[in-house]
């Protein structure tokens, strides 16, 4: 009756995320709002991801981070069998090998051997 539509954003909970928009402008406002929401959700996810990735240099550190629910990033030169042992012990696996690899080489967090790539370990949710 008032000629407006209620919009509730999923990225801003509660009253702060609710707004009323006139019906005549709804299509344009929704398009703009979707772009804004996507950018905000990406920013929130990026902050969350970065806050939960921890650099590790050995198995004890990997264990501590993973058991606390974080993601562990470290040098990796292990085999499939090595990853299987980590999975059996911690229920964690390699989630990815980041595209943005550091230069040079490091020491594998599991085997202690020279490593030329970094992996991120975590538990599945």
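The table below gives the values:
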{"read-out": "Shape of the range 78-125, Cα gyration tensor, a/c cut at 1.5", "value": "oblate"}
{"read-out": "Inverse mean reciprocal Cα-Cα distance (Kirkwood Rh) of the range 4-50, Å", "value": "11.5 Å"}
{"read-out": "Cα Rg over Rh - the range 36-103, Kirkwood", "value": "1.04"}
{"read-out": "Between helix 26-52 and the chain: long-axis angle, C-alpha atoms, 0 to 90°, nearest 10", "value": "20 degrees"}
{"read-out": "In degrees, nearest ten, helix 80-90 long axis to first principal axis of the chain (Cα)", "value": "70 degrees"}
{"read-out": "Cα gyration tensor shape of the chain, rounded if a/c is under 1.5, else prolate or oblate by comparing a/b with b/c", "value": "prolate"}
{"read-out": "Mean residue ellipticity (222 nm) of the chain, computed from DSSP H runs ≥ 4 via -39,500 (n - 2.57), nearest 500", "value": "-12500 deg cm²/dmol"}
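Each reported figure results from applying straightforward, stated rules to the coordinates on display, with no laboratory input. Everything numeric in this text was worked out from a predicted model, so none of it was measured.
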